[in-house]
Amino acid sequence: MTLAAFSLAVLALLLAPGPTNTLMAVAGASHGLRRVVRLVPAELAGYLLTVVPLALAGAGLMARAPGAALLLKLAAAAWVMVLALRLWRSAAAGAEGFAIGAGRIFVTTALNPKALIFGLVLLPAPSPAEVAARLVVFCGLVVAVALLWGGLGALGHARAAGGRAGGPRPGGLRRIASGWLALVSVSLLWGALRG
């Protein structure tokens, strides 16, 4: 796979709505772009924690312990459902009822099913130089997409701060995000049990 094809595949997967993107958008909508910028390193670290070991040794590990992938998927499904429930309950409590901090972003990203695809399918390459080049591109794309999702959420925050009506209220946005996360969790669980 060429570096251009790799970049497009990573970008397409990163742009897809998922648990990390949902939390980044809600963080932006709740607290603005400054909060999002502070959360980007946690997202990057979460991905790297999972992706780098999988890219370097994941294929051999999965061959020796085929149940490891299933356990990772089940853990991801459970974590995303916990996030969905907490986010739903926080809708009535307001932004402070469910703080989206670096720890939540880190764990959510480390357990993100996309990390399995990046680490096991997209990042492995025939030479260390190619792996390094792909890793640099991957990191840049993670930062760009995190800022994009957080920025989209921050647009709603800026509208509300400017006194303009028309955007979703924070409680409603949290409930929508909670419903999406619950759907993601159920689909992860379904996929894990079917596989």
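The values are calculated or read from the model by the stated rules, or taken from the named source; none is laboratory data. Here the structure is a predicted model, which means the values were calculated and not measured. Here the Cβ positions follow ideal geometry from the backbone for every residue, glycine too, while neighbour counts run over all protein chains shown. These area figures cover heavy atoms from the full protein model, side chains too; ligands, DNA and RNA do not enter into them. Shrake-Rupley method; radii C 1.70, N 1.55, O 1.52, S 1.80 Å.
Worth pointing out:
- Any hit, the stretch 40-63, residues being touching a residue at least 40 places away in the same chain (Cβ under 8 Å), closer than 20 Å to GLY179 by Cβ and not basic (Lys, Arg): no
- Only one of the listed residues (ALA110, ALA78) is exposed (fewer than 15 other Cβ atoms within 10 Å of the Cβ) and touching a Ser or Thr at 6+ places or on another chain (Cβ under 8 Å). That residue is ALA78.
- Options LEU44, LEU61: the member that is farther than 14 Å from ARG104 by Cβ, under 15 Å from the mean Cα position of the chain (by Cα) and outside any loop (DSSP other than H, G, I, E, B): LEU44
- Condition met for ALA68 (within 23 Å of LEU181 (Cβ to Cβ), out of contact with any strand residue (DSSP E or B) (no Cβ under 9 Å at 6 or more places or on another chain) and in a helix (DSSP H, G or I)): no
- Residue match in the stretch 144-151 (condition: modelled with pLDDT under 85 and either under 24 Å from ALA12 (Cα atoms) or surrounded by 13 or more Cβ atoms within 10 Å (Cβ to Cβ) (or both)): no
- Within the stretch 162-191, residues that are basic (Lys, Arg) and at pLDDT 70 or above sit with their Cβ atoms under 7 Å from residues that are open to solvent by 70 Å² or more (accessible area, probe 1.4 Å) and in a helix (DSSP H, G or I), at 6+ positions apart or across chains, in these pairs: ARG175/TRP88.
- Taken over the stretch 114-124, residues that are surrounded by fewer than 21 Cβ atoms within 10 Å (Cβ to Cβ) and in contact (Cβ under 8 Å) with a residue 12 or more places away in the chain amount to 5.
- Taken over the stretch 1-58, the residue count meeting the criterion of being open to solvent by 30 Å² or more (accessible area, probe 1.4 Å) and aliphatic (A, V, I, L, M) is 20.
- Count - residues of the stretch 20-41 that are under 19 Å from TRP88 (Cβ atoms) and among the aliphatic types (A, V, I, L, M): 6
- Residues located in the stretch 97-142, provided they are of a type outside the set (A, V, I, L, M, F, W, C) and closer than 30 Å to ARG34 by Cα: GLY97, GLY101, GLY103, ARG104, THR108, THR109, ASN112, PRO113, LYS114, GLY119, ARG134, GLY140
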